[in-house]
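Have a look at the structure below before the remarks.
Since every read-out is calculated from the coordinates, none of them should be taken as a lab result. Computed from a prediction, not measured in an experiment: that's the story for all the values here. Cβ sites come from the backbone with ideal geometry, for glycine too, and all protein chains shown count toward neighbours.
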Amino acid sequence: MSELRDPILSAVELLAERGLLPADQMAKTRSGSGKYDVASDGVPLADLFAKHAAAVKDKHPFGDDEFSAMREAAEWLLDRVLKLQSQAAAHQREDAPRGAGCTGATEGRVRGQRL
């Protein structure tokens with residue numbers, strides 16, 4: 001993913017400096033860090049180039065296939081990250097102590113809600 005994101009992001013910076021792309025979008029995208037942020041940049045970057053296609057036509061070396069590949073990789077990564085986060089949260093709930101601080105009546109209601 002970063003092999004596409006990094007050069008495309010560099011092109012966005014240059015095109016923003018030239019006034020061909022909105023600078024605020026580039027700053028917002030550049031501000032994130034970490035794997036989740038890298039993955040979540042793919043879709044907005046592809047959308048940015050699609051939205052401003054006429055203004056940046058023939059002013060960058062990337063083809064539609066590269067934007068599509070970046071978008072697909074980003075969507076795939078984000079889907080996996082969200083699934084892993086959901087699984088981790090479910091696992092934490094399963095490992096939580098049962099009935100800690102609950103009365104017998106509350107424990108019965110909690111147990112019934114878990115079913």
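Descriptive notes on the structure:
- Spin-label model, LYS59/LEU14: points 7 Å from Cα along the beta carbon direction are separated by 1.2 nm.
- Site pair ASP6 and ASP47 shows an inter-label distance of 2.6 nm when each label is modelled 7 Å from Cα along Cα→Cβ.
- Length available on full extension from LYS83 to ASP24: 0.36 nm per residue minus the Cα-Cα distance, which gives 18.2 nm.
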